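These notes are about the structure you will find just below.
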Amino acid sequence: MTQDNYIAHLIEQTDLKPAYDAASKRFLASKPVLSRILKSCVREFAHSSLLDIQQKYIEGEPVISSIGVHPDDTAPSIRGLNTEDATLTEGTIFYDIRFFAIAPDTHDRIRLILNIEAQNDYNPGYPLMKRAVYYGARLISSQYGTEFQNSSYQDIKKVYSIWICTNVPKNRQNTINHYSLKEYHIAGLAKEPLENYDLIHIVMLGLGKNASRRANKILQMLSTVLLHPGNAQHKKQLLKEYFGIEMTTDLEQEVDIMCNLSEGIEQRGIEKGRQQGIEQGIEQGIEHTALEMLRDKLDVQTIKKYTKLSVEKINSLGKIHGLL
């Protein structure tokens, strides 16, 4: 199957939104993109070259949507007495992207554990920040049994939870906010070594379509790909020439898929809106007919017969317009 046919098949056969989200995550998880996110958002990589981050400091391949957040998300299956298989992973919430990185310029080469979340809904019915803190806390507590054993708390590794938010309020557009543990001196000047509490960092990126050329470059790049309209060829050219990303075959394919799916989502939205408009127009026409029949003093049952409106609806229209 050619790439064009593959994309066409995706648009025809899949629910476009999940397919688009999956392509977005694969784009964000590519090392050329990850290296730029780390350099812009993670203090330890601020002075490292993009090539070193990509080739030396990102460990292995990022894992996409397959590591559970909650404590029992990786539990084995349980066979019940009813002979049906059940697992504790039903309804599992997964990290969008999770990977490991080595912090440069340290004698003991501290390992950072990072996860990146692509978030479309900034107001999902609860404060997104609380969810981000929970994810960060889980990245720490889940180290028990792997990074440290028993009381070896000195082996806990620093974690970053980076949230890339595409649908944010105006005051959050084109912003990067960083949250971490701080030490405050209430009485005296006792100081705890930074490495003992500098363990959890939350980074929130709010994208916006109006990111100017003076905006932070990572915001420009992510907004260009994830928010701005435009064909795939134009976006690939910008990524290569303006943002300096080497466009591999895999990365080009993800951009192609995202752009085509985005166009499909937009087109379906237009069609849905058009259909809703037609239906609304028909409904308004029927109601107008019912009102005219009321003005002509026709009885409610006759109006119901010809308009198919309920008696309750006809009575309600009549009362609103002073005809009953």
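The values are calculated or read from the model by the stated rules, or taken from the named source; none is laboratory data. Computed from a predicted model, the values in this text were never measured in an experiment. Note that we place each Cβ from the backbone using ideal geometry, even for glycine, and neighbour counts take in every protein chain shown. SASA here: full protein model, heavy atoms, side chains in, ligands and nucleic acids out. Shrake-Rupley method; radii C 1.70, N 1.55, O 1.52, S 1.80 Å.
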Exercise. Out of all the residues in region 278-296, is one or more open to solvent by 30 Å² or more (accessible area, probe 1.4 Å), at pLDDT 70 or above and not in a helix (DSSP H, G or I)?
Worked result: yes
Problem set entry | Selection from region 28-56 of residues that are assigned to a loop (DSSP other than H, G, I, E, B) and surrounded by fewer than 16 Cβ atoms within 10 Å (Cβ to Cβ) | ALA46, HIS47, SER49
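Yes or no, residue by residue, for (1) open to solvent by less than 30 Å² (accessible area, probe 1.4 Å); (2) touching a Cys at 6+ places or on another chain (Cβ under 6 Å); (3) under 17 Å from ILE37 (Cα atoms); (4) in contact (Cβ under 8 Å) with a residue 24 or more places away in the chain:
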residue: VAL159; (1), (2), (3), (4): yes, no, yes, yes
residue: ASN167; (1), (2), (3), (4): no, no, no, yes
residue: ARG172; (1), (2), (3), (4): no, no, no, yes
residue: TYR179; (1), (2), (3), (4): no, no, yes, yes
residue: ILE186; (1), (2), (3), (4): no, no, no, no
residue: ASN196; (1), (2), (3), (4): no, no, no, no
residue: HIS201; (1), (2), (3), (4): yes, no, yes, yes
residue: GLN220; (1), (2), (3), (4): yes, no, yes, no
For this session: For ILE64, work out the one condition from (1) buried (at least 17 other Cβ atoms within 10 Å of the Cβ); (2) modelled with pLDDT of 90 or more it doesn't fulfil.
Result: (2)
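Do we find a residue being part of a strand (DSSP E or B) and more than 18 Å from ASP21 (Cα to Cα) anywhere in region 190-201? Full working, then the answer.
At the first step, the residues of region 190-201 found to be part of a strand (DSSP E or B) are 200-201.
This time we only want the ones that are more than 18 Å from ASP21 (Cα to Cα), so: 200-201.
Yes, because at least one residue in region 190-201 is part of a strand (DSSP E or B) and more than 18 Å from ASP21 (Cα to Cα).
Out of the residues in region 96-145 that are charged (D, E, K, R) and in a strand (DSSP E or B), state the one that is most open to solvent (accessible area, probe 1.4 Å). First the steps, then the outcome.
Taking region 96-145 and keeping what is charged (D, E, K, R), we get 96, 98, 105, 108-109, 111, 117, 121, 130-131, 138.
Next, from what is left, pick out any that are in a strand (DSSP E or B): 98, 111, 117.
Values: ARG98: 36, ARG111: 70, GLU117: 2 Å².
Checked region 96-145; the qualifying residue most open to solvent (accessible area, probe 1.4 Å) is ARG111.
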Problem set entry | Cβ pairs under 7 Å, 6+ apart, first in region 234-252 and closer than 19 Å to LEU51 by Cα and open to solvent by 70 Å² or more (accessible area, probe 1.4 Å), second of a type in the set (A, V, I, L, M, F, W, C) and at pLDDT below 85 | LYS240/MET247
